[in-house]
Amino acid sequence: MPSAHTIERMTVPRVDDEALDAAQTASDAALAAGGDRAAFERLYRGNVDRVYSLCMRMVGERAQAEELTQDVFVRAWHKLALFRGESAFGTWLHRLAINVVLNARKTEGRSRKRFADDGNEIDSLPRAAPTLAPGDSLDLERAIALLPPGARRVFVLHDVEGYKHEEIGEMLEITAGGSKAQLHRARLLLREALQR
């Protein structure tokens, strides 16, 4: 029988919570791909806040961000069989969310163009943005929401999500130089908004 002194030295291996979570997520993804709704619900609950934050930062409007978040998970349910597990599920879902937001913006742009072609001046109507009363304080999230849509998307993709200008250019169908110009504009506008 070990002495008390020996027992004190014995260590119990620690379970890595992140590895355990990753294994559970991978298991849930495989089950959900097979049609298990309870597994998909666990994936939804574990990722919905992160997806909503991304959508909100990219579009700047709560109702649209909520709608896009739901679209991301509907698309995830339908495309889950395509998830091969080569990256973490969260990474795959993140990329899917960006694609959903960008596709929604393209569709919105085509709709606006169609209305403008019909003689309506939809494109010339300013988009409603939150206004500030004198003396209001402004936090970074609110300042990002005040950015023009193009500058906001580039800012979020580059400074928040960490994409390179070349990647952003491909996603948004603009040049890397255009991405850099939008980022510069976004940073200047943020600096102005935060110094008020």
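Since every read-out is calculated from the coordinates, none of them should be taken as a lab result. Remember, predicted model here, so these are calculated numbers, not experimental data. Quick reminder, even Gly has a Cβ in these numbers, built from the backbone with ideal geometry, and neighbours come from all protein chains shown.
Along the axis of the charge dipole computed for the stretch 138-196 (Cβ charges of +1 for Lys and Arg, -1 for Asp and Glu, origin at the Cα centre), the listed residues Thr175, His165, Phe155 are led at the positive end by Phe155. When +1 charges are put on Lys and Arg Cβ atoms and -1 charges on Asp and Glu Cβ atoms, the dipole computed for the stretch 19-73 relative to its Cα centre reaches about 100 debye.
Sort the stretch 138-196 into rounded, prolate or oblate with this rule: let a ≥ b ≥ c be the square roots of the eigenvalues of the Cα gyration tensor; rounded if a/c is under 1.5, and if a/c is not under 1.5, prolate when a/b is larger than b/c, oblate otherwise. It comes out prolate by the Cα gyration axes.
Computed extension gain for Ala176 through Asn103, at 0.36 nm per residue and net of the alpha carbon distance, reaches 24.4 nm. Modelled spin labels at Arg37 and Thr91, positioned 7 Å past Cα toward Cβ, are 3.2 nm from each other.
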